[in-house]
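Colleague: Have a look at this one before I ask anything.
Derivation of every value follows stated rules applied to the coordinates shown; laboratory data play no part. Everything quoted here is computed from the prediction, not taken from an experiment. Reconstructed Cβ throughout: ideal geometry from the backbone, glycine too, with neighbour counts over all protein chains shown.
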Amino acid sequence: MAEQQRIVINGGKRLEGEIAVQGAKNSALPLLAATVLCSGETVLHNCPRLSDCDAACRILECIGCKCRREKNTVTADASVISGVEVPTELMREMRSSIIFLGSILARCKTCRLSFPGGCELGPRPIDFHLKALREMGAEIVERHGYLDCSAPKGLHGARIALSFSSVGATENIMLAASLAEGVTEIHNAAREPEIADLAEFINKCGGKVSGAGGSTVAIEGVEKLSPCEHRIIPDRIAAATYLCCGAISGGELILTGVDHADLRPVTAVLEQMGCSIYTYGKGHLFINTRKPLVSPGTIRTNVHPGFPTDAQPPLMALTSVASGTTVFVENIFENRFKHASELARLGAKISVEGKVAVVTGVKALSGAELISTDLRGGAALVTAGLAAEGTTRIGGLSHIDRGYENIEGVLRSVGADICRR
Ligand code: EPZ
């Protein structure tokens with residue numbers, strides 16, 4: 001159904017109003033995997049209604065958990081795990097389903113997953129995940145596109161040094177280590193806010209995780225974890241996207257339910273471009289853009305607390321109408337500029353050379369027919385469409401629906417002329 005649909009935007013409207021930011025997709029997914037560790041019924045609040053979360057729930061049900069959703073609360077009952085295999089079609093639906101390996105292995109000592117497919121951003125290897133789990137005692141055989149994993153004597157603690165601060169690998173190790181024998185140390189761990197959210201969840205269930213958010217995370221394995229109730233942190237990338245939407249429209253937005261600290265790498269760049277940003281109260285953030293936007297210079301994506309790669313596409317859309325030249329250096333994924341050619345159809349001036357994209361700001365964009373190439377690339381097209389003169393039609397909505405809860409409804413509520421047909 002989403003394939004025939006189009007988001008249709010008549011650009012030029014100034015956004016004004018308040019947006020309650022959704023729960024974080026990239027926290028919800030590892031947390032849904034973490035419910036496998038608990039023999040009982042876990043409750044996750046502020047879980048965004050996204051196709052990726054639905055896919056994660058289907059994986060849980062496939063191994064015998066019972067999942068149900070009431071609005072933004074998901075309950076997952078993992079009292080009984082009746083299977084340890086995640087079939088290909090589910091693995092292909094969402095490449096981050098590799099995150100289930102650690103928790104299924106920890107709980108059931110065996111797991112069979114098909115190799116997660118690559119995605120639009122590149123091959124998405126999982127070598128860090130497999131190397132770490134092997135160091136914890138897992139035997140993993142890769143054959144016929146499947147991963148046969150087992151730890152007959154259970155997993156044991158290990159001192160793991162990640163060659164790159166991989167978010168998913170850090171999360172997978174934390175999940176596996178929480179029920180392993182002994183202590184696991186992760187050196188050069190990812191420091192993204194979602195790591196701390198996962199650690200808080202595991203500790204609420206009776207686990208012993210320390211150092212999350214820093215470069216060294218220690219996990220002392222425990223016998224058993226009991227289910228808990230947890231509220232998922234706000235989605236800093238959805239927040240960053242809506243800030244870019246507000247800024248490109250020359251508007252004035254209040255975001256609620258955000259974590260200012262998590263957004264600092266993005267708000268610092270927007271202030272550099274001429275936006276005024278104030279944080280106040282609990283989780284409120286105000287942005288207005290009265291002055292004409294200027295280029296922020298060079299943007300290098302990096303692991304947290306550097307500039308987040310997921311915010312690079314929407315920011316590129318914003319810089320395409322800022323005066324001056326912006327250089328983007330994409331250090332995290334090897335193929336994350338596919339939205340540049342779609343933005344060029346609106347009149348953006350972007351030249352891409354490997355991991356560098358050079359954006360020369362133009363006075364105005366004009367509407368066109370576009371196709372989303374990936375999740376955040378699609379968000380970039382929506383951002384640009386808000387400012388493009390005339391009508392912009394965007395296809396490939398299944399990409400956007402993976403990470404944004406009702407994006408057209410949210411933007412319409414603050415004055416955008418946008419609908420889904
Ligand atoms: C998480 O992906 C996020 N996804 C991504 O968000 C985000 O872009 C990324 O972290 C970086 O912040 C979820 O949390 C579900 P990585 P992940 O492991 O864990 C290479 C979005 O738009 N790598 O930190 O897959 C990998 O190829 C998505 O919401 C290996 O080489 O990211 C990539 O170049 C997109 N071997 C780099 O590391 C491995 O074993 C970063 O990957 C694992 C990763």
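Colleague: Quick check on this structure: which one of 89, 85, 70, 93 is touching a strand residue (DSSP E or B) at 6+ places or on another chain (Cβ under 8 Å) and surrounded by fewer than 20 Cβ atoms within 10 Å (Cβ to Cβ)?
Modeller: When all the criteria are applied, what remains is 85.
Colleague: Please specify each residue of region 293-320 satisfying the condition of being in contact with a Gly (Cβ under 7 Å, 6 or more places away or on another chain), part of a loop (DSSP other than H, G, I, E, B) and surrounded by fewer than 24 Cβ atoms within 10 Å (Cβ to Cβ).
Modeller: Hits for region 293-320 are 293, 295.
Colleague: Would you point out the residue of region 345-354, among those that are more than 25 Å from the chain's Cα centre (by Cα) and surrounded by fewer than 16 Cβ atoms within 10 Å (Cβ to Cβ), that is farthest from the ligand (Cβ to nearest atom)?
Modeller: Step by step, filter region 345-354, then rank; the result is 349.
Colleague: Restricting to region 262-287, name every residue that is in contact (Cβ under 8 Å) with a residue 24 or more places away in the chain and assigned to a helix (DSSP H, G or I).
Modeller: Matches in region 262-287: 262, 263, 264, 265, 266, 267, 269, 270, 272.
Colleague: Now a separate question. Do the conditions hold for residue 291, that is, is it without any contact (Cβ under 8 Å) to a residue 24 or more places away in the chain and farther than 30 Å from residue 4 by Cβ?
Modeller: Yes; evaluated as a whole, the condition is true for this residue.
Colleague: While we're looking at this one, here's another question. Being assigned to a loop (DSSP other than H, G, I, E, B), on the phi > 0 side of the Ramachandran plot and within 12 Å of the ligand (Cβ to nearest atom) is the filter here, so list the residues in region 107-122 that pass it.
Modeller: The answer is none; no residue qualifies.
Colleague: Looking only at region 281-315, how many residues end up being within 16 Å of the ligand (Cβ to nearest atom) and out of contact with any His (no Cβ under 7 Å at 6 or more places or on another chain)?
Modeller: Adding up the residues that qualify gives 16.
Colleague: Further, regarding this structure: Quick one: count up the residues across region 258-293 that are among the polar types (S, T, N, Q) and touching a Pro at 6+ places or on another chain (Cβ under 7 Å).
Modeller: Of the residues in that region, 1 qualify.
Colleague: Return the residues of region 325-341 that are within 9 Å of the ligand (Cβ to nearest atom), surrounded by fewer than 23 Cβ atoms within 10 Å (Cβ to Cβ) and in contact (Cβ under 8 Å) with a residue 60 or more places away in the chain; say none if nothing qualifies.
Modeller: Residues satisfying the conditions are 333, 334.
Colleague: What's the number of the condition residue 242 fails, among (1) surrounded by fewer than 16 Cβ atoms within 10 Å (Cβ to Cβ); (2) within 16 Å of the ligand (Cβ to nearest atom)?
Modeller: Single failed check for residue 242: (1).
Yes/no matrix, rows are residues, columns are (1) touching a strand residue (DSSP E or B) at 6+ places or on another chain (Cβ under 6 Å); (2) closer than 23 Å to residue 164 by Cβ:
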position: 277; (1), (2): yes, no
position: 280; (1), (2): no, no
position: 291; (1), (2): no, no
position: 306; (1), (2): no, yes
position: 326; (1), (2): yes, no
position: 331; (1), (2): yes, yes
position: 350; (1), (2): yes, no
